[in-house]
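Peer 1: The structure under discussion is supplied below as structure tokens; questions concerning it will follow.
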Amino acid sequence: MAAVMPAPAQSRLLLSGNEAVARAVWESGVRVAAAYPGTPSTEMLEALSTYPDLYAEWSVNEKVSLEVAIGAAYAGSRAFCCMKHVGLNVASDALMTLTLTGVVGGLVIAVADDVGLSSSQNEQDSRYWGRFGHLPIFEPADSQEAYDMTKAAYALSERHQVPVLLRLTTRVCHVKALAVVGERVAHAATGFKKDPARWVMTPAGASKRIPLMFERDKALRAESEASPFNFAEAGTDLRVGFVTSGPAAMHVREAFPNAPMLKLGLSCPLPLEKLRAFAAGVERLVVVEETEPLIETELKASGIACHGKDILPTMGELAPPVLLPAVAGLLGEPVPENLVPAAKVFPRPPTMCVACPHLGVYYTLAQIKNLFIAGDIGCYTLGAGHPWNALDTTISMGASMGIAMGLDKGRSDADKDKRVLAVIGDSTFMHMGMQGLLDIVYNRGNVTVLILDNRAVGMTGGQNNPGNGRDIHGGEAPRVHFAKLVESLGVKPDRIHVVDPYKLPVLFKTIRDEIKIPEVSVIITDQPCVLVDDYKKQRPYKVEDAKCTGCGNCVDVGCPAIHVMRREKAVKPSGKEVELQFVNIETAACTGCGLCVQPCAPEAIVRMAAGEQVSILKRH
């Protein structure tokens with residue numbers, strides 16, 4: 001990314017929520033920022049890395065990124081860490097002890113919840129961590145609040161020596177709005193002061209810190225009662241008053257412009273007295289929160305009657321088309337007729353990129369029968385879809401290793417002849433897969449592991465990682481040698497193979513041979529993601545119509561540059577009816593990888609001549 005030039009004091013900038021957080025972090029004098037990429041949080045650190053006067057890093061996982069930030073905060077520097085919601089699960093081990101030690105320099109942990117599951121395997125509500133860890137939570141509703149609350153979070157963090165959670169959602173992270181910003185104010189590090197009773201959390205030390213944590217809770221609740229981020233908006237229609245937080249407040253205001261609303265920006269701990277007073281002024285109280293009924297439950301536990309998930313869904317965004325009929329039902333009114341129905345669009349299932357090095361892997365796996373395939377989190381998760389259908393499980397980062405081991409050891413007698421294979425990407429392997437492979441080796445599992453090294457964190461935008469030898473700024477960095485790494489974990493050298501995923505016969509033979517070996521083996525594919533600079537595009541291919549027999553073998557590769565132009569029915573000599581698929585290639589998209597050429601029996605796919613005009617095709 002290009003360097004961001006400091007804007008004049010009190011400038012107005014068009015910023016996404018992620019960019020607004022990054023701007024506020026920089027202005028707050030933060031010295032250390034760390035993260036692992038994960039949608040919808042990724043752009044926070046990407047934007048932050050372009051600012052001067054601070055250290056930023058892509059860490060190997062979220063736990064390490066939080067620990068880096070903790071160390072900086074212990075040293076008296078302001079620090080920042082960000083991750084998506086499932087990343088906080090990984091970092092929670094450190095988080096739950098950090099809540100006892102507290103910090104010296106301000107520490108803000110931004111966590112981005114994927115409400116609506118646009119790119120995640122679950123839709124968990126990170127606000128639980130505030131309750132679980134006795135931590136304050138800010139919930140911005142737009143870019144300006146993301147900026148303002150980030151700056152306020154650092155002041156609150158240092159005032160109470162507590163880490164602060166900044167909970168965003170996809171809606172805030174990625175929507176742009178104008179925000180008034182300022183200039184960076186340097187913040188000097190106070191230095192690390194040795195204090196084993198505080199920093200060394202043995203059982204004896206931790207037991208002394210717990211009462212201090214509960215005392216801090218009281219002070220934070222007082223902060224919440226007085227916070228300007230928790231405010232009521234008056235309304236003329238008192239039949240229903242709304243309590244809400246984050247971007248759900250925008251939906252409430254759009255759907256019910258005349259209703260009273262109490263918007264919570266510092267939502268944990270709850271300002272119960274302020275809420276009690278607001279509830280007394282309306283006939284019915286409705287809590288609108290994405291996604292779990294946390295506020296609703298706490299209000300009811302405090303004796304404040306309210307509605308919430310009894311009328312609203314527990315998943316997805318609570319947009320006006322969801323809110324309006326729910327509240328109409330509560331009031332016994334007819335459902336509004338002017339609701340805009342969801343637009344019907346042509347289905348566009350996610351797929352891999354043209355020439356993706358994973359295409360050949362899944363084409364090959366789809367040809368091999370009698371396999372259990374444990375998948376992982378990344379672009380290659382798409383291998384579960386059409387036309388490959390070549391993944392059987394996907395749970396969490398690095399889980400392919402442990403699940404494959406469990407499939408091996410827990411197989412039934414009926415499955416004793418099944419082979420077990422795990423598929424994992426390079427960044428995911430470094431994130432949480434190495435331990436699983438070590439477990440397979442140590443416990444003598446019979447698993448073949450495919451490490452798909454595409455030299456990037458592909459799913460989140462091609463960020464650098466220790467596998468490609470470049471740091472967050474694109475500068476040279478040490479590069480992991482995967483073959484040596486897996487050998488150091490105990491895999492025998494003759495069971496380690498590095499193959500080109502574009503050479504299908506070699507790939508097929510290597511996988512077929514290795515799954516027959518009754519011990520651990522590792523196959524590493526080593527070609528770059530097509531979206532990064534390491535990838536070298538070649539002249540595209542085209543289809544010679546006269547030679548195409550409609551066999552459809554090239555379609556099974558799954559490359560989106562291959563279009564089926566027409567289908568015809570045919571009868572084989574055996575009498576079986578088959579469907580022929582006559583194809584063409586969108587040569588403007590083709591990068592010349594040659595995957596589709598190899599399964600083409602009639603040799604109808606040929607490379608275009610230099611200077612030949614490329615074409616953009618339309619599907620029929």
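Peer 1: Look through region 259-296, keep the residues that are part of a strand (DSSP E or B) and within 27 Å of the chain's Cα centre (by Cα), and return whichever of them is farthest from LEU220 (Cα to Cα).
Peer 2: VAL288
Peer 1: Out of curiosity, is LEU507 in contact (Cβ under 8 Å) with a residue 60 or more places away in the chain and in the same structural domain as VAL441 (by TED's automatic domain parsing)?
Peer 2: Numbers: in contact (Cβ under 8 Å) with a residue 60 or more places away in the chain: yes; in the same structural domain as VAL441 (by TED's automatic domain parsing): yes.
When the stated conditions are applied, LEU507 passes them.
Peer 1: Strands (runs of 3 or more DSSP E) wholly in region 545-620 with at least 3 residues that are outside the structural domain of GLY383 (by TED's automatic domain parsing), under 21 Å from PRO387 (Cβ atoms) and of a type in the set (Gly, Ala, Ser) - which ones?
Peer 2: Working: elements: 562-571, 577-585, 605-607.
So the answer is none; nothing clears 3.
Peer 1: Where the second residue is part of a loop (DSSP other than H, G, I, E, B) and the first is on the phi > 0 side of the Ramachandran plot and lies in region 126-143, which pairs have Cβ atoms under 9 Å and are six or more apart or on separate chains?
Peer 2: From region 126-143, the pairs are HIS134/VAL162; HIS134/PRO269.
Peer 1: Working carefully through the options ALA343, ALA414, ALA355, ALA366, find the one that is surrounded by 22 or more Cβ atoms within 10 Å (Cβ to Cβ) and not basic (Lys, Arg). Steps first, answer last, please.
Peer 2: On the way: ALA343 fails: surrounded by 22 or more Cβ atoms within 10 Å (Cβ to Cβ); ALA414 fails: surrounded by 22 or more Cβ atoms within 10 Å (Cβ to Cβ); ALA366 fails: surrounded by 22 or more Cβ atoms within 10 Å (Cβ to Cβ).
Of the residues listed, the single one that is surrounded by 22 or more Cβ atoms within 10 Å (Cβ to Cβ) and not basic (Lys, Arg) is ALA355.
Peer 1: Please work out which one of (1) crowded, with 24+ Cβ neighbours inside 10 Å; (2) assigned to a helix (DSSP H, G or I) is the condition VAL420 fails and give its number.
Peer 2: Answer for VAL420: the failing condition is (2).
Peer 1: Would you call GLU337 closer than 21 Å to PRO257 by Cβ and surrounded by fewer than 10 Cβ atoms within 10 Å (Cβ to Cβ)?
Peer 2: Yes, satisfied.
Peer 1: Could you tell me which numbered condition VAL522 fails, if it satisfies all but one of (1) in contact with a strand residue (DSSP E or B) (Cβ under 9 Å, 6 or more places away or on another chain); (2) assigned to a loop (DSSP other than H, G, I, E, B); (3) within 30 Å of ASP408 (Cα to Cα)?
Peer 2: Condition not satisfied by VAL522: (2).
Peer 1: Among what's in region 587-615 and is in contact with a strand residue (DSSP E or B) (Cβ under 9 Å, 6 or more places away or on another chain), buried (at least 17 other Cβ atoms within 10 Å of the Cβ) and among the β-branched types (Val, Ile, Thr), pick the residue that is farthest from HIS563 (Cα to Cα).
Peer 2: VAL597
Peer 1: For region 442-468, name all the residues that are closer than 14 Å to ILE403 by Cα and out of contact with any Ser or Thr (no Cβ under 9 Å at 6 or more places or on another chain).
Peer 2: Residues satisfying the conditions are ASN443, GLY445, ASN446.
Peer 1: All but one of (1) surrounded by 20 or more Cβ atoms within 10 Å (Cβ to Cβ); (2) in contact with a helix residue (DSSP H, G or I) (Cβ under 8 Å, 6 or more places away or on another chain); (3) outside any loop (DSSP other than H, G, I, E, B) hold for PHE508; state the number of the condition that does not hold.
Peer 2: Result: PHE508 passes all but (1).
Peer 1: Taking the criterion of being touching a residue at least 40 places away in the same chain (Cβ under 8 Å) and within 26 Å of GLY38 (Cβ to Cβ), would at least one residue in region 326-348 satisfy it?
Peer 2: Within region 326-348 (the criterion being touching a residue at least 40 places away in the same chain (Cβ under 8 Å) and within 26 Å of GLY38 (Cβ to Cβ)), the answer is no, since none of the residues qualifies.
Peer 1: Then there's this: With (1) in contact (Cβ under 8 Å) with a residue 60 or more places away in the chain; (2) hydrophobic (A, V, I, L, M, F, W, C); (3) surrounded by 22 or more Cβ atoms within 10 Å (Cβ to Cβ); (4) under 14 Å from CYS268 (Cα atoms) as the list, and VAL164 as the residue in question, which single condition is left unmet?
Peer 2: Failed condition: (1).
Peer 1: Among the candidates THR549, THR591, which residue alone is touching a residue at least 24 places away in the same chain (Cβ under 8 Å), farther than 30 Å from GLY461 by Cα and polar (S, T, N, Q)?
Peer 2: None of the other options fit; the residue is THR549.
Peer 1: Can you name the condition, by its number, that CYS554 falls short on among (1) modelled with pLDDT of 90 or more; (2) of a type outside the set (Lys, Arg); (3) more than 39 Å from the chain's Cα centre (by Cα)?
Peer 2: (3)
Peer 1: Six or more apart or on different chains, Cβ under 8 Å: which pairs go from a residue in region 369-393 that's closer than 19 Å to ARG411 by Cβ to one that's among the acidic types (Asp, Glu) and not in a loop (DSSP other than H, G, I, E, B)? Could you list them?
Peer 2: Pairs that qualify, where the first residue is closer than 19 Å to ARG411 by Cβ and the partner is among the acidic types (Asp, Glu) and not in a loop (DSSP other than H, G, I, E, B), are PHE372/ASP415.
Peer 1: Mind listing just one residue for me: the one in region 393-411 that is more than 21 Å from the chain's Cα centre (by Cα) and outside any helix (DSSP H, G or I) and, of those, surrounded by the fewest Cβ atoms within 10 Å (Cβ to Cβ)?
Peer 2: Residue satisfying both the conditions and the ranking: GLY410.
The values are calculated or read from the model by the stated rules, or taken from the named source; none is laboratory data. This one's a predicted model, so the numbers in the text were calculated from it and none came from an experiment. Counting neighbours? That spans all protein chains shown, and the Cβs are built from the backbone with ideal geometry, glycine included.
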